[in-house]
Amino acid sequence: MRLVFAGTPEVAVPALEALLASDRHQVVAVVTRPDAPAGRGRRLVASPAAQRAEAAGIEVLKPARPRDPDFLERLAALAPDCCPVVAYGALLPRAALDIPRVGWVNLHFSLLPAWRGAAPVQHAVLAGDQVTGASTFLIEEGLDSGPVFGVLTEEVRPTDTSGELLERLAHAGAHLLAATMDGIEDGTLHAVPQPADGITLAPKITVEDARIDWTTPALRVDRVVRGCAPAPGAWTTFRGERLKLAGPVRLLTDRAELAPGELAAAKSGVRVGTGSHEIELGDVQPQGKKRMAAGDWARGVRIEPGETLGG
């Protein structure tokens with residue numbers, strides 16, 4: 001099939017690589033978000049998907065909005081059979097959805113209908129799911145509601161951050177998307193409607209969502225730290241300034257002496273009380289400073305008895 005791939009961040013690149021390597025399909029163009037400011041100088045930088053496409057000598061389309069007439073005209077001229085999508089980052093209008101013969105097929109990082117939305121992997125970690133996965137489905141105008149072509153499952157490990165889990169899903173999902181294109185092309189794969197039960201939503205995680213509530217159980221604190229890593233990053237406050245919890249925490253299931261948020265620093269590490277048992281901090285990042293071990297931070301600020309995190 002003639003394919004126009006749509007994707008933007010690094011997580012989309014493995015799927016693009018898999019389709020470029022296929023001897024059954026031809027990627028004739030890549031659709032991605034416009035160049036965005038990045039780095040200290042805030043210079044405009046092409047997306048990871050655009051950079052990979054340019055390296056492969058493939059045409060790159062960067063519409064400000066997918067409904068722009070010039071974009072729709074060029075997409076129609078490319079005459080794609082199918083448009084595979086991974087984390088493109090913009091809503092597709094009906095005028096765009098109608099152009100490819102087969103439609104737009106999205107690789108979504110959850111077992112649909114669970115975790116429809118922008119942040120399925122983060123919500124799976126936050127919810128304590130033991131198993132998640134990826135799905136390929138035909139895009140409709142609803143939110144991740146289209147019929148499903150294929151799925152794969154992936155264990156959520158007890159120490160997984162969202163970033164680690166997403167990386168595994170991106171590589172496994174790349175093969176699923178390529179296999180989905182093969183099945184559509186040879187007529188052996190047909191989309192099945194999603195069940196009406198089990199729908200959960202996964203909206204984008206905000207900075208406020210990543211704030212630690214020390215009155216919640218230690219298990220919840222651990223999930224927020226892992227679920228918000230690497231972005232937006234779990235955080236709390238200390239002496240009125242933001243403190244990012246940049247590294248993993250360790251659950252101390254045999255200790256519950258400290259009040260929620262109360263700090264205790266020793267040579268063995270920095271402990272914090274929660275709504276259940278205590279945790280030991282990993283790395284932290286004070287406001288305006290570099291990431292450091294919690295012990296080094298504690299020695300620098302000289303924690304006083306009874307001081308707390310989170311105000």
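The values are calculated or read from the model by the stated rules, or taken from the named source; none is laboratory data. What you see is a predicted model, and the numbers here were worked out from it, not measured in a lab. FYI the Cβ positions are ideal-geometry reconstructions off the backbone, even for glycines, and counts take in every protein chain you see. Remember, those area values only see protein heavy atoms, side chains included, never the ligands or the DNA or RNA. Shrake-Rupley method; radii C 1.70, N 1.55, O 1.52, S 1.80 Å.
Values as computed for the structure displayed
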read-out: Radius 12 Å from Cβ of D160, net charge of other residues (Lys, Arg +1; Asp, Glu -1); value: -2
read-out: Backbone HN-Hα couplings from phi across segment 172-184 [Karplus 6.51/-1.76/1.60, Hz, Gly and Pro as x]; value: 5, x, 4, 5, 4, 5, 4, 5, 5, 4, 4, x, 5
read-out: Principal axis dimensions, largest first and in whole angstrom, of segment 162-263 by Cα; value: 62, 28, 27
read-out: Proximal aspartates and glutamates to K267, defined as alpha-carbon separation beneath 16 angstrom and excluding residues fewer than eight positions away on the same chain; value: E280, D283, D296, E304
read-out: Accessible area per residue in Å² at 1.4 Å probe, computed on the chain; value: 49
read-out: Net charge over other residues, Cβ less than 15 angstrom from the Cβ of A172 (K, R count +1; D, E count -1); value: -4
read-out: Sites matching GluC sites (Glu not before Pro) across segment 100-169 that sit in DSSP coil, with at most 13 neighbouring C-beta atoms within 10 Å; value: E141
read-out: Solvent exposure, largest accessible area first (probe 1.4 Å, DNA, RNA and ligands not counted), of V105, V60; value: V60, V105
read-out: Proximal lysines to K204, defined as alpha-carbon separation beneath 22 angstrom and excluding residues fewer than eight positions away on the same chain; value: K244
read-out: Built amide H within the under 5 Å cut-off of S145, gap 5+; value: E140
read-out: Global geometry of segment 83-235, whether rounded, prolate or oblate, following the gyration tensor of its Cα atoms and the 1.5 cut on a/c; value: prolate
read-out: Accessible surface of segment 12-59 [probe 1.4 Å, protein heavy atoms]: carbon and sulfur percent; value: 47
read-out: Low-density loop cleavage sites - trypsin sites (Lys or Arg not before Pro) in segment 12-100, where at most 12 other Cβ are within 10 Å (DSSP); value: R24, R40, R42
read-out: All aspartates and glutamates inside 18 Å of K62 as judged from Cα atoms, apart from same-chain residues fewer than 8 positions distant; value: E10, D35, E54, D70, E73
read-out: Those GluC sites (Glu not before Pro) in segment 216-276 that DSSP places in a loop and that have at most 15 other beta carbons within 10 Å; value: E257
read-out: Listed peptides 302-309, 28-35 by packing density, highest first (mean Cβ within 10 Å); value: 28-35, 302-309
